[in-house]
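Working notes for the structure below.
The values are calculated or read from the model by the stated rules, or taken from the named source; none is laboratory data. Keep in mind that what you see is a predicted model, and the values were worked out from it rather than measured. Quick reminder, even Gly has a Cβ in these numbers, built from the backbone with ideal geometry, and neighbours come from all protein chains shown.
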Amino acid sequence: MQDTITKNKRITTSPEGYRGKGLLVGIAAFWLLAMLFIGFTAPLIAPYDFQEMDLIARLLPPAWMDGGNVSHIFGTDAMGRDNLSRLFYSIRLSLLVAILGTLICAVIGSTIGFVAAHFRGVVDETVMMLVDFQASLPYMILALAVIAFFENNIFLFIGVMGMYGWEMYARFARGLALSAQEQGYVIAAKTFGASPIRIYLRHILPNVGNTLLVNMTLNFPKLIMLETSLSFLGLGIQPPNTSLGNLVGFGRDHILTAWWLVIIPAMTIFLTTLSMSILGDWTRDKLDPTLK
Amino acid sequence: MNSAYIIRKLLRAMLTVWLVTTFVFIILRLSGDPTVSVLGVEASPEAVEAFHAKWGLDDSVGVQYANFIKNALHGDLGLSILEGTSAVTSVVSRLFNTLTLMGISTALVFTIGVSFGLVASLFHNTSKDRLIMIFAVAGYSSPTFVLAILLILLFSIQLGWLPSTGSGSWAHYILPVMTMTIIESAVFARFTRSAMLEVLYQPYMKTALAKGLSWKQAVRRHALPNAAIPVVTIMGFWVGLIIAGAVITETIFSWPGVGRLLIYSVKHRDYNVVQVIVLCVSCTMVIANFTVDLLYGWLDPRISIEKSEA
């Protein structure tokens, strides 16, 4: 390290590290694509309906274990429902909530940031105060307080997920828009009489999009963690719908006798958030190395 | 650090606490009635009516809020609907368990996280750095409940070494503390590393070495104080969360602490208890932020001058 500093050589990545990293990113991307594919095609590729019960074949172990059955590759749960099918549908719902949440959050947060940068003054002050307020509070606690509201309403739940981390987008969007306003291209667009909305959507957004995109890739795994955690606690997605968190939550009751009920969905969550983090770090290094 | 600056900070802190309490109050009152969860679905209309009258549920939200503030200013934060005792007592009775669990975890998280982060940054781009970072990515990508369950499977069920639930003896501490430490140290290691890398490549480090300081002196006097600021910020955030930071860990390990009480009270709509917990959390959060602000001034004297002039 000392040599690196004194000799003025800042080696960011050594060749062999880079190759190893490339492989890791490749595997992560492959896993996420597979999850997306499963999510999109769950109703087509799932061997059973995820609610179909078979009370005679309860708590079957996976096919490769003693007593397993090829017709239920990952076994069945306490109500004889096929674990593989439930896993597919859970991946579908967990991904859907996380993707929608990320998109909603990016749109709302960035808009708030742009509005603050455009109007300045009181609006800006209020927005920044709300940003500080949000940043100084654990979102989990707020979400828990709001969630008593839910009554099995998945749209409201997605709404709560969609507000997670808005303050980061608002902060970035505001800062970027403020510096963009000083740039030649914005001033030029203004002199041609472009409306503010046109300037923000057509001129500023494409130029600051990278940072917001990077923030989205970093926010996505956090959203999956929040959703699955809440569902695990029984405060998120409600039955009969099922998310990966629900699967772990229900599997926990049978942890002594049927560990696979817990391990399979738990590892799916872990590998998905891990892949997304790896991919997010990689996107950040590629697109915007100044971000932390 | 002048008094006007401190007063403004204090006012802002009080405003935050008030905003949070009000927000949570309104959300909880809008979210529905605790009657069903307390009395059951088959309660007689008379019982429901009596329950409503007792807890003032028929008043408008505005009236309820006015009563709440009036009582709160007299130090009365209401009774726990489920336990019948004062809500403050219900929370305080769990506080000790949470504080011991979090105290041990915090000490471990800070030391392990920061030292691994320092090692990774001082050996940037070597195999040590990469190894630490691989563990760090894996650590902060794993949701608490996933890691907790894997640990229970391994240590309680497969090996039978440690108890998985409860809080009777020192052995009960091991799994929850391990869960929190693994995940949160990863966050701190990553953060410390990037804060250190930020300063290690600054020109002043080169200057320090050029004027003849040893590597150790340069790191200790020039790199560490500058890298400390962002690290202290997230440490403050962590300490602010100390009361309800272990919601999931406590729930999984059936730890009789404040976090588990929070989940239980939210599920059963025990308004007053949720309210007291949120109030405690926002107060500790605000106090922690305030302390961090004071620490900034001590770590970097420029900050307090800039802020008090602004």
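Applying the set (1) more than 28 Å from the chain's Cα centre (by Cα); (2) within 12 Å of another protein chain (Cβ to nearest Cβ) to B:Arg221 leaves exactly one unmet item: (2). Among the numbered conditions (1) within 14 Å of another protein chain (Cβ to nearest Cβ); (2) more than 16 Å from A:Trp166 (Cβ to Cβ); (3) surrounded by fewer than 23 Cβ atoms within 10 Å (Cβ to Cβ), the only one that A:Val131 does not meet is (2). Checked against the criteria, B:Ser156 does not count as over 25 Å from A:Leu279 (Cβ atoms), in a loop (DSSP other than H, G, I, E, B), within 12 Å of chain A (Cβ to nearest Cβ) and in contact with a helix residue (DSSP H, G or I) (Cβ under 8 Å, 6 or more places away or on another chain). Quick check: is even one residue across the stretch B:206-219 exposed (fewer than 15 other Cβ atoms within 10 Å of the Cβ), in a helix (DSSP H, G or I) and of a type in the set (A, V, I, L, M)? The answer is yes; a qualifying residue exists. If you go through the stretch A:124-135 one residue at a time, do you hit one that is of a type outside the set (S, T, N, Q), at pLDDT below 75, more than 24 Å from B:Ser265 (Cα to Cα) and within 21 Å of the chain's Cα centre (by Cα)? Within the stretch A:124-135, one or more residues are of a type outside the set (S, T, N, Q), at pLDDT below 75, more than 24 Å from B:Ser265 (Cα to Cα) and within 21 Å of the chain's Cα centre (by Cα). Annotation for the stretch A:203-223: no member residue is surrounded by fewer than 22 Cβ atoms within 10 Å (Cβ to Cβ) and not in a helix (DSSP H, G or I).
One line per residue, one yes/no per condition, for (1) under 30 Å from A:Ser231 (Cβ atoms); (2) among the aliphatic types (A, V, I, L, M); (3) touching a strand residue (DSSP E or B) at 6+ places or on another chain (Cβ under 9 Å):
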site	(1), (2), (3)
B:Leu73	no, yes, no
B:Leu77	no, yes, yes
B:Phe96	no, no, no
B:Met102	yes, yes, no
B:Ala120	no, yes, no
B:Ala138	yes, yes, no
B:Ala148	yes, yes, no
B:Ile157	yes, yes, no
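A single entry from B:Thr284, B:Thr249 fulfils the requirement of being surrounded by 24 or more Cβ atoms within 10 Å (Cβ to Cβ), at pLDDT 80 or above and in contact with a helix residue (DSSP H, G or I) (Cβ under 6 Å, 6 or more places away or on another chain): B:Thr249. If you take the residues in the stretch A:58-92 that are in a loop (DSSP other than H, G, I, E, B) and of a type in the set (Lys, Arg), which one is nearest to A:Leu36 (Cα to Cα)? Only one residue fits best here, namely A:Arg81.
Quick one: is A:Thr257 at pLDDT 85 or above and either surrounded by fewer than 18 Cβ atoms within 10 Å (Cβ to Cβ) or not in a helix (DSSP H, G or I) (or both)? Here the answer is no, as A:Thr257 does not meet what is asked. For the stretch A:254-269, the criterion of being more than 20 Å from the chain's Cα centre (by Cα) and away from chain B (no Cβ under 11 Å) is met by at least one residue.
Quick check, is A:Leu156 more than 23 Å from the chain's Cα centre (by Cα) and either modelled with pLDDT of 85 or more or in a helix (DSSP H, G or I) (or both)? In short, no.
Restricted to the stretch B:19-44, and to residues that are in contact with a Ser or Thr (Cβ under 9 Å, 6 or more places away or on another chain) and either surrounded by fewer than 16 Cβ atoms within 10 Å (Cβ to Cβ) or over 15 Å from B:Val273 (Cβ atoms) (or both), which residue is modelled with the lowest pLDDT? Across the stretch B:19-44, the extreme among qualifying residues is B:Ala43. I'm trying to understand the selection: among the residues of the stretch B:195-205, which are assigned to a helix (DSSP H, G or I) and in contact (Cβ under 8 Å) with a residue 12 or more places away in the chain? Scanning the stretch B:195-205 gives B:Ala195, B:Met196, B:Leu197, B:Glu198, B:Val199, B:Leu200, B:Tyr204, B:Met205.
For (1) closer than 21 Å to B:Ile174 by Cβ; (2) facing chain A (nearest Cβ under 7 Å); (3) free of Cβ contacts under 8 Å to residues at least 60 places away in the same chain, each residue gets a yes or a no:
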| position | (1), (2), (3) |
| --- | --- |
| B:Val119 | no, no, yes |
| B:Asn125 | no, yes, yes |
| B:Leu131 | no, no, yes |
| B:Ser141 | no, yes, yes |
| B:Phe145 | yes, yes, no |
| B:Ala148 | yes, no, no |
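Listed by first and then second residue, the pairs with beta-carbon distance under 8 Å, at least 6 apart or on different chains, first residue in the stretch A:118-136 and assigned to a helix (DSSP H, G or I), second surrounded by 16 or more Cβ atoms within 10 Å (Cβ to Cβ) and aromatic (Phe, Trp, Tyr), are A:His118/A:Tyr200; A:Gln134/A:Trp166. Being without any contact (Cβ under 8 Å) to a residue 60 or more places away in the chain, touching a helix residue (DSSP H, G or I) at 6+ places or on another chain (Cβ under 9 Å) and either under 18 Å from B:Asp293 (Cβ atoms) or outside any helix (DSSP H, G or I) (or both): is that true of B:Thr233 here? Yes; evaluated as a whole, the condition is true for this residue.
Does B:Val231 qualify as being under 30 Å from B:Ser3 (Cβ atoms) and modelled with pLDDT of 85 or more? The answer is yes for B:Val231. Among the residues examined, A:Ile197 does not qualify as among the aliphatic types (A, V, I, L, M), over 26 Å from A:Ala28 (Cα atoms), part of a helix (DSSP H, G or I) and in contact with a Leu (Cβ under 8 Å, 6 or more places away or on another chain). Checking B:Val258 against (1) farther than 28 Å from B:Val119 by Cα; (2) surrounded by fewer than 21 Cβ atoms within 10 Å (Cβ to Cβ), only one condition comes out false. Which one? Status for B:Val258: all satisfied but (2). If you filter the stretch A:260-269 down to residues that are without any contact (Cβ under 8 Å) to a residue 40 or more places away in the chain and surrounded by fewer than 21 Cβ atoms within 10 Å (Cβ to Cβ), you find that the one that is nearest to A:Met225 (Cα to Cα) is A:Met267.
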